[in-house]
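See below for the structure under consideration.
The values are calculated or read from the model by the stated rules, or taken from the named source; none is laboratory data. Given the structure is predicted, the values throughout are model-derived calculations rather than measurements. For neighbour counting, all protein chains shown are included, and Cβ atoms are generated from backbone atoms with ideal geometry for every residue, glycine included.
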């Protein structure tokens, strides 16, 4: 993949905060599965950074100097395929790590990670983060778990891309998102254009597939969410 015609902007001077707020301490404790005292130690080695909507957090044409923990907001890894299609590679929400792969490989990434909405991250310098991984097993374990989970997701998408039709990928992603909640409801309802990027399809194809599911009573949706009523029927439609 190659990055072309960036549709977001790189802020010239990142907006850093000198202190960590209570939410940041809480997110670090959750992310690294550590106690409050350890979270406070980790927080002292990071700086809060604000990212306006559509601004680049990690740029493909720059060496990654920081590892980020998402404290609040929503970021997305985007890249352009050879045929010019914009592809959503991965989404990042509260507690997710960004930029940790640059700790182990020095080649510049072939993608940008940008804020979808106004977001905040805790930024660690690479040398600082490596030191924390060496001295705090909870940090090293968190990185390992997330890298394995990411590899699993990428492998799953590669398999689905090679074996499923466009509608099959749509149904699989809907079911996956619904099963992440206790009541099989996706909140807020998916934005069709963004969903299409996620499953490497078009907005029109996604719209037709969802409308068909709704007409058959397999899903219901309103302004607050999309609920899967019959998950077994969606599963049957995947293959």
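For residue 155, indicate whether it is more than 20 Å from residue 94 (Cβ to Cβ), more than 20 Å from the chain's Cα centre (by Cα) and either free of Cβ contacts under 8 Å to residues at least 40 places away in the same chain or not assigned by TED's automatic domain parsing to the domain that holds residue 36 (or both).
no
Which condition number does residue 181 fail, the rest of (1) over 21 Å from residue 86 (Cβ atoms); (2) surrounded by 12 or more Cβ atoms within 10 Å (Cβ to Cβ); (3) in contact with a helix residue (DSSP H, G or I) (Cβ under 8 Å, 6 or more places away or on another chain); (4) at pLDDT below 95 being met?
(3)
Whether any residue in region 43-52 is outside any helix (DSSP H, G or I), at pLDDT below 85 and in contact with a strand residue (DSSP E or B) (Cβ under 6 Å, 6 or more places away or on another chain) is what I want to check.
no
Conditions: (1) under 17 Å from the mean Cα position of the chain (by Cα); (2) outside any helix (DSSP H, G or I); (3) farther than 24 Å from residue 43 by Cβ. Residue 106 meets all but one. Number of the miss?
The single condition residue 106 does not satisfy is (1).
Residue by residue through region 163-178, note down the ones that are within 20 Å of residue 227 (Cβ to Cβ) and surrounded by 15 or more Cβ atoms within 10 Å (Cβ to Cβ).
Hits for region 163-178 are 167, 170, 171, 172, 173, 174, 175, 177, 178.
Quick check on residue 150: is it under 22 Å from residue 74 (Cβ atoms), outside the structural domain of residue 220 (by TED's automatic domain parsing), in a helix (DSSP H, G or I) and at pLDDT below 90? So that I can check it myself, show each step before the final result.
Values: under 22 Å from residue 74 (Cβ atoms): yes; outside the structural domain of residue 220 (by TED's automatic domain parsing): yes; in a helix (DSSP H, G or I): yes; at pLDDT below 90: yes.
Taking the combined requirement at face value, the residue satisfies it.
Could you list, in sequence order, the residues of region 31-42 that are surrounded by 15 or more Cβ atoms within 10 Å (Cβ to Cβ) and assigned to a loop (DSSP other than H, G, I, E, B)?
32, 34
Matching residues to (1) crowded, with 20+ Cβ neighbours inside 10 Å; (2) closer than 23 Å to residue 29 by Cα:
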residue: 91; (1), (2): no, yes
residue: 98; (1), (2): yes, yes
residue: 105; (1), (2): no, no
residue: 125; (1), (2): no, yes
residue: 149; (1), (2): no, yes
